[in-house]
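Below is one structure; the comments refer to it alone.
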Amino acid sequence: MSTYAVGPGGAAEPAPLWAAALRRVSGTLARDLDVARAGGAADRALAEGLRAVGPGFDRLVARQGGAGPAVAQPVVDRWATHWARSVVALVGAGRFGEGSVSRWVLEWVVPALRLDLRTVTPLVIDDLVTAAAQVSGRADATHWARGIEAGLAAWPSGVPLTDDRVREVGAVSAWRAGHVRLRSAARSLVPNLPDAVADAVLRVEPGQDVRDLLARNAEVPCAWGGPVTERPIGAFRGFGGAWLLPPVVTGGDGHRWSVVSGQTRWTVLTDAFGEAVLPDESEPDSDAAGPAPRQAWWDRYGDDVTGAVRAGGVVLVSRRSSHRLLLVADGGATP
Amino acid sequence: MTTSGEQAHTGLGHVSNAPTRPGAAGRHTDELDLTDLYGTSREATPDAGPPLDEKLRQAYFWITNHAIISPHYDVEFHDGPSERIPLGDSRGELTLPSGQSYSSYVLMPLLTFMVRGRCLMVGGPGRGKTASALLMGVLAGYTPTEMRRGMQHGHPQLTVADLFGTPLPRDLVEAEKLSDVDVAWRSWLGMRVKIVDEYNRIPTRTQSALLTVLADGYVETFDQVYETGASAWYLTANDDAGGGTYQVIDALRDRIDVVVAALPFNNRFLSALVARAERGVRPEDVVPDSIVFTEAEHDRLHRAVLDVPIPRPVLRRIEHFAGQFEYLERAGSQFEYRTKDTARLAGVDPHLVQQDDTGRDALSDVGTQTTAGLSVRALQSLVLYSKAMALFRGDDAVGVDHVRAVLPFVLFQKLPMDTEARVFEQDDTAALRLDRVSWLHAMFDTTCRQFDADGLDHDDPVGDALALFDRGLDGLGAGEVRARITHVGRLLTSIAAQRKVYGHTFDDALTLKYLHQRYTNYLSWLRWSS
């Protein structure tokens, strides 16, 4: 988020379009303000929140038509109404404090997008606020926002941009930013996107083809246009991870791995962009194999390896002395 | 960004986005899709929006956090062991439930909304009875103004015409027969949520008229009939123990499905009360649209409640519990008439008859603690509210914990306590005379323990015999029928060998008599037809 952050002086920026629109729609906001006030939202916080998003709103509207007034006043008013309602609701819910994800989305993320206000509805504001809360902590939120911005900037002028397309771009960008649990959904959405958009969101290097990259990524989920990078996965619970005891890898397919820590079973998801450690709440399979007996090829990863599984072009290794798993490229060791 | 909607100081318009009971339904999956990312589906389907149980829980948490200051969790659920802390000289236990628990004062009206039942809210003035009922109307999509207009206020001069409507004066003069008289019906009769405030101040005659509409859903006056349709009823009373202007007629009282008492205000929450007064906004005026149920959703909700299955083992426990109360050994000579009903019909207090019965253990036999058995209507309410409880918690089927949660509120005034029963003479049980909810819980727990001790989950020969009979008699030969009759006789002999007869064995004995009679009749028919 740091690349978007500015000082509190930003709120003082003049926002004449926002101010004028608010004056026109203020009657429709009365109930929302009543509800928020009734819930304990202070007038000062509401006013401050509404002031803070003004410059962003102006930037978005001003970008619409270049020289002339490209969007009609009713469209601007519709956006202003929804924008203000979102702010009021978020202030009322205590989710619009300085530094909050919701505020960041309304102040900086949405205004930076190349949205056509005539074809996209203001409901995308809610979508992006909700999605930001989902992405935050699970992936790099700044990369997510940058991805959407780049994707929409590359949107071809002949193809109508709708809410659903924005949602698709947001989901693909979330995957690219490290939200590995969206991998399947995002991969199925990429072919729907115009090539230039897919390239921009997935940060495809010049000379590379996104279809080739996706095909290769299907075989080697942890690779994206280059070799697999060695990286640690998971951590001791005291350091913000999930595990109390050193984990042991028991199986996997290169993307979804089975891990045991003490008596608890876990699923570890990995791919080129991120990883996730999740409790395995499925019914235990009585036929499932436990930790495999030590094998000779494990030695290349250390003398205290408790489990190592080769799949999908990588090896996931667990060690007795570590609460972290190690993901490495498969060097071709003979199992 | 919220977890359970339980933050005390968030906005009134805020309804939790996060699941109010994570993992309540569906299996865990490690894959997410757009609906997970954006919280909602954009596809315009009739089922858009959260599932009904989730919406109900959102409504519950919104009411408890923003509308009714009721920081109580007296309806307890346990996910694993719960800590119990003895407090005070009497070592009364405060339980810290390990599962999501609820305030009965908000939950029971909400369950009533689900099943379109009849809920009586009792408590002193200013406890929020009317406000809670009003909120239920707003949840049904009515405006606060409509609900206030539709609310019936009990008072000693309330007439049948005040309540239901008046005949048109012109028709009264011109009509040649009664059926020509048009009645201007009161608009509240057609509402899906009906509120009768201070129902125990309504004159007896008007109460009788109210009974028809409350019980059967129609009103009849001047030969005109008005069908009111299914609706949720909320009745309030400052004091349901005879403190009203008029004694509530028994039939009306019996039609009430649940009774819930307002819990006292926790003075630690005075600041919330002050803040609300300063803001000057009434919660019913700012109910979020997202927790309002359309008429179609309300219908769907009712059907969903009915569709929740009750597994046989759970039903068996309800049977076992309900069977405890009717048997009164000294009340009759013929076995069937040995019931508390027989004594009551004879004008004799069942307690007096019970005192002569020295054979049974007064402490463990919960049947000695009441002066009547359970009515069919009470059992229907118990089953319906148990289903609603299961649906509210997002569970697939009714469990024993759901039954236990709603049982005291359903049976609150349907199971009359024998306050002079010997069990209440113990120091540790004396308080149960006053605390009916705990008393009913204690009786249910006792019968469940006995059920387990007798191993009835696995060893239920009478249930097996009944199940065998339920398979049908078609094609059954005389030899097999005779064998079954012999088996029935053997089961009765085994009951006789236990010497003491308890309520549930009374039911078992009569069930075996029923089977014996059905098999005997079938055998006679076989003989005749051959």
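The values are calculated or read from the model by the stated rules, or taken from the named source; none is laboratory data. The model shown is predicted, which means the values in this text are computed figures rather than measured ones. Glycine also receives a Cβ, built like all others from the backbone with ideal geometry; neighbour counts cover every protein chain displayed. Just so you know, the surface numbers come from the protein's heavy atoms only, side chains and all, with ligands and any DNA or RNA stripped out. Shrake-Rupley method; radii C 1.70, N 1.55, O 1.52, S 1.80 Å.
All of (1) touching a residue at least 24 places away in the same chain (Cβ under 8 Å); (2) closer than 19 Å to A:D304 by Cβ hold for A:G262 with one exception: (1). Residues in the stretch B:336-374 that are assigned to a loop (DSSP other than H, G, I, E, B), open to solvent by less than 40 Å² (accessible area, probe 1.4 Å), at pLDDT 80 or above and touching a helix residue (DSSP H, G or I) at 6+ places or on another chain (Cβ under 7 Å): 4 in all. As a summary of the residue check, A:S157 satisfies the conditions (1) under 14 Å from the mean Cα position of the chain (by Cα); (2) outside any helix (DSSP H, G or I); (3) polar (S, T, N, Q) except for the one numbered (1). Number of residues in the stretch A:22-55 that are within 14 Å of chain B (Cβ to nearest Cβ) and over 15 Å from A:W79 (Cα atoms) equals 17. Contact map, the stretch B:156-181: residues that are assigned by TED's automatic domain parsing to the domain that holds B:T245 paired with residues that are in a helix (DSSP H, G or I) and polar (S, T, N, Q), Cβ distance under 8 Å, separation 6+ or inter-chain. Pairs shown: B:L158/B:T206; B:T159/B:T206; B:V160/B:T206; B:D162/B:T206; B:L163/B:T206. Of all residues in the stretch A:261-288, those that are at pLDDT 90 or above and facing chain B (nearest Cβ under 9 Å) total 4. Only one of the numbered conditions (1) exposed (fewer than 15 other Cβ atoms within 10 Å of the Cβ); (2) within 14 Å of another protein chain (Cβ to nearest Cβ); (3) touching a Lys or Arg at 6+ places or on another chain (Cβ under 8 Å) is not met by A:H179, and that is (1). Taking the stretch B:238-283 as the range and being at pLDDT below 80, more than 14 Å from every other protein chain (Cβ to nearest Cβ) and on the phi < 0 side of the Ramachandran plot as the test, the residues that pass are B:D239, B:D240, B:A241, B:G243, B:G244, B:T245, B:Y246. Considering the stretch B:91-110, and only residues there that are farther than 30 Å from B:T228 by Cα and in contact (Cβ under 8 Å) with a residue 40 or more places away in the chain, the residue that is most open to solvent (accessible area, probe 1.4 Å) turns out to be B:Q100.
With a requirement of 1 or more residues that are closer than 30 Å to B:V287 by Cβ and at pLDDT below 90, the helices (runs of 4 or more DSSP H) lying completely within the stretch A:7-56 that satisfy it span A:30-38, A:43-52. For the stretch B:111-146, enumerate the residues that are of a type in the set (V, I, T), touching a residue at least 24 places away in the same chain (Cβ under 8 Å) and closer than 22 Å to B:D299 by Cβ. Of everything in the stretch B:111-146, those that are of a type in the set (V, I, T), touching a residue at least 24 places away in the same chain (Cβ under 8 Å) and closer than 22 Å to B:D299 by Cβ turn out to be B:T112, B:V115, B:V138.
When B:E319, B:E336, B:E329 are checked against the criterion of being in the same structural domain as B:F412 (by TED's automatic domain parsing), in contact with an Asp or Glu (Cβ under 6 Å, 6 or more places away or on another chain) and farther than 24 Å from A:R37 by Cβ, B:E329 stands alone in meeting it. Taken as a whole, the condition of being facing chain B (nearest Cβ under 10 Å), surrounded by 23 or more Cβ atoms within 10 Å (Cβ to Cβ), touching a residue at least 24 places away in the same chain (Cβ under 8 Å) and under 21 Å from the mean Cα position of the chain (by Cα) does not apply to A:L106.
Can you tell me which of B:R449, B:R422, B:R484, B:R490 is outside the structural domain of B:A322 (by TED's automatic domain parsing), out of contact with any strand residue (DSSP E or B) (no Cβ under 7 Å at 6 or more places or on another chain) and either open to solvent by 80 Å² or more (accessible area, probe 1.4 Å) or free of Cβ contacts under 8 Å to residues at least 12 places away in the same chain (or both)? The match here is B:R490. Scanning the stretch B:72-117 for residues that are under 25 Å from B:F293 (Cβ atoms) and either assigned to a loop (DSSP other than H, G, I, E, B) or over 26 Å from the mean Cα position of the chain (by Cα) (or both) turns up B:H72, B:Y73, B:F77, B:Q100, B:S101, B:S103, B:R116, B:G117.
Quick check: is even one residue across the stretch A:247-262 in contact with a helix residue (DSSP H, G or I) (Cβ under 9 Å, 6 or more places away or on another chain) and not small (G, A, S)? For the stretch A:247-262, residues in contact with a helix residue (DSSP H, G or I) (Cβ under 9 Å, 6 or more places away or on another chain) and not small (G, A, S): present.
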